[in-house]
1. Scan around L25 for amide H atoms under 5 Å from its own, H built in the peptide plane at 1.01 Å from N, and keep only partners 5 or more places away or cross-chain.
2. Hand me the GluC sites (Glu not before Pro) from the stretch 40-86 located in a DSSP loop with no more than 15 other Cβ atoms within 10 Å, in residue order please.
3. Based only on other Cβ atoms within 10 Å, what is the fewest-to-most ordering of S35, S80, S127?
4. Modelled label-to-label distance, L23 and F66, 7 Å Cα→beta-carbon offset: nm?
5. Report, by chain and number, residues whose modeled amide H sits under 5 Å from the one on G6, excluding near sequence neighbours (fewer than 5 apart, same chain).
6. Take Y128, Y5 and order them by how many other Cβ atoms sit within 10 Å, fewest up front.
7. Please report the base-10 log of the normalised intensity I(q)/I(0) for the stretch 1-93, using a Debye sum with one equal scatterer per alpha carbon and no solvent, at each q in 0.10, 0.13 (1/Å).
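Computed from the coordinates by the stated procedures, all read-outs in this text should not be read as laboratory data. All values derive from a computational prediction rather than experimental measurement. Cβ atoms come from the backbone with ideal geometry, glycine included; neighbour counts cover every protein chain shown.
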Amino acid sequence: MALDYGTARVGVAVSDELAMMALPLEAIRAKPLDSFFLRLKEIIAEKEIGLIVVGMPRNMDGSYGFATEKAREFIEMIKSKLAMPVEAWDERLTTAAAHRMFADAGIKAKNRKDKIDSVAAQNILQSYLDAQAFKKL
């Protein structure tokens with residue numbers, strides 16, 4: 001599972017059973033936290049998730065910015081509330097790529113709002129899955 005953290009919504013994506021392809025799932029409202037974690041736990045149980053990958057914001061030069069600290073706090077909160085492994089993963093340009101995909105498909109900006117976060121999470125997860133497959137070569 002991958003999460004694209006945002007202060008309003010958290011995008012969620014999961015992989016197929018072979019861990020080869022990432023699929024967008026949904027966006028969960030980030031607040032209230034109790035509701036967020038309740039839904040996250042439901043997804044984890046339903047999809048039998050064994051690992052959470054969280055997008056880590058980085059500047060284009062690879063340095064860390066203000067958003068990175070928020071993502072780190074989010075990761076620590078997940079670790080404290082869930083007994084499962086959590087990994088940070090570079091999320092540079094994942095949201096931009098999601099916007100570009102919707103634009104290329106002719107989907108207007110106002111119709112992307114509910115889907116953009118889960119597609120960004122899909123991009124994070126696909127990048128992670130591809131890197132894991134490459135390591136096996």
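1. The answer is V12, A13, V14.
2. On the way: sites: E42, E46, E48, E69, E73, E76; in loops: E48.
Passing both the DSSP loop test and the Cβ count: E48.
3. Working: S35 12, S80 8, S127 21.
In increasing order of surrounding Cβ atoms, one gets S80, S35, S127.
4. 3.8 nm
5. Those lying under 5 Å, H to H, from G6 are G11.
6. Y128, Y5
7. -0.25, -0.42
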